[in-house]
Every structure is written in structure tokens, then in C-alpha cells.
1. Cut-off under 15 Å on the C-alpha distance; same-chain residues fewer than 8 positions from residue 292 excluded. Which aspartates and glutamates are left, in chain and number order?
2. Under 23 Å Cα-Cα from residue 79, which lysines qualify once same-chain neighbours fewer than 8 residues away are excluded?
3. Leaving out same-chain residues fewer than 8 places away, which lysines sit with a Cα under 30 Å from that of residue 245?
4. Give me the distance between the Cα centres of segment 103-123 and segment 213-281, rounded to whole Å.
5. How do 107-113, 363-369, 134-140 rank on mean C-beta neighbours within 10 Å, highest first?
6. Positive end of the charge dipole of segment 82-214 (Lys, Arg +1 and Asp, Glu -1 on Cβ, about the Cα centre): tell me which of 202, 82, 142 has its Cα farthest that way.
Amino acid sequence: MDLKDERDNLVQNVIWAILTALGAAALPLLEAHWRAWSEPTLFAFLGATWVAVVYTTLTGKRPFSGPGTTPKNLEGRVKAWLDKYRLGQRSDPDDSVRFRVIVSLPSGGQIALSQPKEDEHHFVCQSRIILTKDFQNAIAAMSDSQRERTQQEITLELARAKITFRYELQPAFLIDLFQTVPVNPSLTEEVFTQVIDTMDFALNLGSAATALAITRNSQSQPKITPESIGTDLKQWLDDFGFGLKSVRDESSYFNIQVTFPNGHHVTILRQKDRDRYLTFVCVLTVEDELQKALASMTLESLGRTILEIKLELSRAKIAFDMKLKPSFEVTISRRVLITPTLTSDSFIEIVNEMDLANSLALTAMTLAIDRNSAPSTSDSLAATTGATATS
């Protein structure tokens, strides 16, 4: 604490001692010589005490405690607080700031504390995450997608911790962490130590998140190839708890029937004549009641039913094929190019999209048939789900 603060504290203590002594001496004298004034004086003394307590609670300052922290005394107080907690410090002058101090933390990190000339009512805490040469080399060797994913993962962790930060990508990968603190009487020693602790935490968290993200994304992943995709997708489907059944198919390298928790099915195969693609297929049929309703329709009603189903599937951008004989069925399909960028996440997303397409197509088929059936038939169909999916 600097000499001015010591003098202010001494003055405060003297004032409070004098006021306390006067209050203690005044009450007996009033009671003895001016009895009529003793009770009002006691209440006034208690009222003043209550006001002082409320003032101290709301502002964190004692009455007559002086101006507290101001832009003019900030530098002296900051350096005194750092000395008190035995934190290493060295001045680092800069023309754009009133003062700048580099603080060495027990964890090994450093924080720069400065008061900008253009905004003296705030001081800025800044720390920098500097990567080792190995990490810099790992980032340099990454692909654009790996580098972008690394940056997104770091951003997510820092944002979760509510840390203000900024990237510098050239000439080297750096991350600057910031905290701006108002300079006013509420900036006490306790608040200042909390700011330092927060920056220390941010620096440690940011360094760990950066190292983990770089390590995770720089590791070489096995490339997906048409030859390896069969083994990979079985593992992905098994990891997500889908039911699997291999089907013998001479025209395909593999043919796997996948069962969803809702009972729907999709067949995934790699055909020999299209070996660079995965093909997803769902074959949808309707219940016997709806098959009979279709068979009893007039040509006009049947044509309208087919058009309504085609319209709904086209709106949803679902590729499909339809046949009426020997029974009515709709086949929806999708082809996906097998590339090294195909991941478990993107694959499972496609599988889930096929399930949604399955549900939409079944609903469209049931509603269209029900709507265009004869009235008596339509009424009898109101309580049935009406369609099934097979692969």
C-alpha cells in the first residue's frame, strides 16, 4: 500500500475514533444535564450508525474513506497490491498507455496490466497463449478443414468459459485473452485479486483447450476408401445401436439391412456396378386394407392418389420409384459418393435422414389413399396406421 493510502487510512481511523469517543461521552453528559436531549440524541446516533452500515454495505467503502480508486491513483494502488501478494512485476512503458506492468504468476504465465490514455477510466488485463514449436508445426501441417475445426473447438471452450479472446494466425498462431475492468471506487484490493485469479484461470484453461484441440485434430485418421467402407459403416452403425443383418447379394460387395428403433428398415449396399457409391434403399408398402382401397378406386381417383403422393415426395426432395402391380409399393433411394471425408457423423446423419424420408413417404401414401377412397372405405380406414416399410 502506498503512502497516500496509508495516510488516508490513518485519517479514517482517527475520525472514527473521535466520533466514537464523542458519542460515548456525550450521552452521559446529556443524561445528567440536559435530560430532554438525551433520548433524541441517542436515536440520532443510532440512525447515523444505521446509515453508515447501509452505505458501507452498498458501496464497499466506509464513510469519510476518501475517493477510493481513481484513474489518477490507479497505478500506485495496482503496484502496491501486487507487492502485497508478492507477484513479480516489471514496468513495460508504452506511449499509448499511462502505465503498463507485466505480472508474473505463480503458475508460470504472465499478464500485462495497462491503463490506456484514450480511456483512463478502464484498465486492461491481457495475456497471450504462445504455442511451442511442435504445436506450431502441427498447425502448419494441417489441412484447411483440420485447422478450421481446431479453431472452432478452441473458440467453443473459451466461449463456454466467457473469456474474451482474439486470434492471430500470421505469422504464427497466437491467442490473446482480455479482460477490461472499470476504474472507480468499487475497485478494491479484493476485486483486483479476483481479476488476477480470473485471468490466471483463463490462461490455464485456454492453454489446455488449445493443446488438446491441436493434438486431437493433427492425429492422422485412417482414410475411408470404397474397399474399407463396409467394415467402417458396420462399426458406426453398431456404435449407435442400430440393428444389423447381412443379406447375401451377388450383385453387391455387401448388402446390410438396418433396423431403426421405430421398426423402420433401410438397406445399405455397395453395388458392384456402382462401386464408388453407397446406395440407401427403403421399400414401402401399405396394409391390405389400403391395397383393397386402391384396387377398388376408379381410374380418376387412382390417378389423383398417385399424383398427390408424387407431389409430397417431390416437395421433400425424395428420390423415389413407384409401382402398382402386383401390389402397390414405393421405393425411396439415395446414393452417396464414398470419399475420404466421409465420417461417422455424416454417415449417421444420412441414415437418420432416410428414416425421416421413410416416415414422410408412409404418411403421404396413407393420407392420399385414405382421402381418395370411396366414403365407406375411407371411414373404415380412419383407425388404422395403414402402411409398413420393408427393405
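1. Those aspartates and glutamates meeting the cut-off are 329, 370, 379.
2. Result set, ordered by chain and number: 4, 61, 117.
3. 223, 234, 272, 317, 323, 325
4. Their Cα centres are 54 Å away from one another.
5. For the peptides 107-113, 363-369, 134-140, the packing ranking is 363-369, 107-113, 134-140.
6. It is 142, whose Cα lies furthest towards the positive end.
Each value in this text was obtained by applying a stated rule to the coordinates, not by laboratory testing. This is a predicted model, so every value here is computed, not measured. With ideal geometry, Cβ positions are generated from the backbone for all residues, glycine too; neighbour counts draw on all protein chains shown.
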